[in-house]
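Asker: Handing you this structure, nothing more for now.
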Number of protein chains: 2
Amino acid sequence: MIEVEVKARSHPDTLQRIKALGAALSATEHHRDIYFNSPMHDFGQSDEALRIRIKDEGARLTYKGPKLDSETKSRKELTVKIDDPEAMKQILLSLGFAPSGEVVKRRIKYTLGEAVIAMDDVEGLGEFLEVEIAGGQDWSIQRRKVLDILAELGLDESIRKSYLELLLERRSEGKE
Amino acid sequence: MIEVEVKARSHPDTLQRIKALGAALSATEHHRDIYFNSPMHDFGQSDEALRIRIKDEGARLTYKGPKLDSETKSRKELTVKIDDPEAMKQILLSLGFAPSGEVVKRRIKYTLGEAVIAMDDVEGLGEFLEVEIAGGQDWSIQRRKVLDILAELGLDESIRKSYLELLLERRSEGKE
């Protein structure tokens, strides 16, 4: 499955604009994401990600492949539900993977047609917005659609860095 | 959790002896096990195992650490239930792990106190018996108990090789 996703810093009027587009509130979630790095090569360099996400209703293991273009966060994404995130963590540690950081956030999700708009409040980073269309076969069309939605919300940046990368950057800059 | 396990080739009277010990039939299972090797080091050499087991009622990912002694198959074992074995396989392939073989078997399980006795009919190998005690804190006591049960069944060998290793051996010897 190809996931096409853009991310931008939220503006004070962003929530109002999301509602004005006719997007419907679909869920509020709490995520604790534990990221792992490979013993083979640095995922920060290869642009891959391996993550255990713990949500209120359960946990998942997700692998994300390198991004496919320079404007969006489009990439291959593989996910399995797991019943025991601590055992999964111990398996990854036994296989040589090392924890690289944790991201904790509150996500409020809206749906707009086939798109999901997520308002994220990330611990240590602040508020962001992500627009995602998943499951399509033609990612160039998906890509156009998510960029259009971002423009309609009055946001013109597209942050390609992950929350983990942004957090690790802040940490290395001594901002926290 | 430490799993203490011994394995032996089944004899014609083994089933009768299991029943004579008072063991209770607990389940019949069908397993399809897909094993993976690490890109870091050969699990055949390091004595580790990484496996997706697909059973009738669901799938699990299991990591087994190196064996702890020379007489039994005692080792660290970590398991998570997964909802999608194909996605799990794709994640492992994306992380650089390579399939090393498949083992298909029918397992009939008996319980005898805290021990599980499994009669395995393995495709390409024949019938085996495994005695396992899991979950204890003192593996030297667990180890004594499983060896005692094996002796009571009139079996004195202890095969430390996995079914995968036995199958790969047969294959390399050109027996199939």
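Asker: Could you grab me the full set of residues in region B:76-109 that are within 11 Å of chain A (Cβ to nearest Cβ) and not hydrophobic (A, V, I, L, M, F, W, C)?
Answerer: B:Lys76, B:Glu77, B:Thr79, B:Lys81, B:Asp83, B:Asp84, B:Pro85, B:Glu86, B:Lys89, B:Gln90, B:Ser94, B:Gly96
Asker: Among the residues of region A:120-129, count how many are open to solvent by 20 Å² or more (accessible area, probe 1.4 Å) and of a type in the set (A, V, I, L, M, F, W, C). Full working, then the answer.
Answerer: So in region A:120-129, the residues open to solvent by 20 Å² or more (accessible area, probe 1.4 Å) come out as A:121, A:123-127.
Going one step further and asking which of them are of a type in the set (A, V, I, L, M, F, W, C), we end up with A:125.
Looking only at that region, the number is 1.
Asker: Would you point out the residue of region A:78-117, among those that are open to solvent by 30 Å² or more (accessible area, probe 1.4 Å) and among the basic types (Lys, Arg), that is farthest from B:Lys64 (Cα to Cα)?
Answerer: Here the residue is A:Lys109.
Asker: Right, here's the next one. So how many residues does region A:22-60 have that are away from chain B (no Cβ under 14 Å) and in contact with a Leu (Cβ under 6 Å, 6 or more places away or on another chain)?
Answerer: Counting residues in region A:22-60 that are away from chain B (no Cβ under 14 Å) and in contact with a Leu (Cβ under 6 Å, 6 or more places away or on another chain) gives 1.
Asker: Could you please tell me which pairs satisfy a Cβ distance under 6 Å, a separation of 6+ or placement on different chains, a first residue in region A:111-132 that is more than 18 Å from A:Arg17 (Cα to Cα), and a second residue that is open to solvent by less than 30 Å² (accessible area, probe 1.4 Å) and among the hydroxyl-bearing types (Ser, Thr, Tyr)?
Answerer: Between residues of region A:111-132 that are more than 18 Å from A:Arg17 (Cα to Cα) and residues that are open to solvent by less than 30 Å² (accessible area, probe 1.4 Å) and among the hydroxyl-bearing types (Ser, Thr, Tyr), the close pairs are A:Val122/A:Tyr163.
Asker: Check every one of the strands (runs of 3 or more DSSP E) wholly within region A:79-166 and list those with 1 or more residues that are out of contact with any strand residue (DSSP E or B) (no Cβ under 8 Å at 6 or more places or on another chain).
Answerer: none
Asker: Quick one: in region B:130-159, which of the residues that are of a type in the set (D, E, K, R) and farther than 21 Å from B:Ala24 by Cβ is surrounded by the most Cβ atoms within 10 Å (Cβ to Cβ)?
Answerer: Going through the qualifying residues, I end up with B:Arg143.
Asker: In addition: Looking at B:Ala87, B:Ala59, B:Ala151, can you tell me which residue is among the small types (Gly, Ala, Ser) and touching a residue at least 24 places away in the same chain (Cβ under 8 Å)?
Answerer: None of the other options fit; the residue is B:Ala59.
The values are calculated or read from the model by the stated rules, or taken from the named source; none is laboratory data. Not measured: the values here are computed from a predicted model. As a convention, Cβ positions derive from the backbone with ideal geometry for all residues, glycine included, and neighbour counts pool all protein chains shown. Note: areas computed on protein heavy atoms with side chains; ligands, DNA, RNA excluded. Shrake-Rupley method; radii C 1.70, N 1.55, O 1.52, S 1.80 Å.
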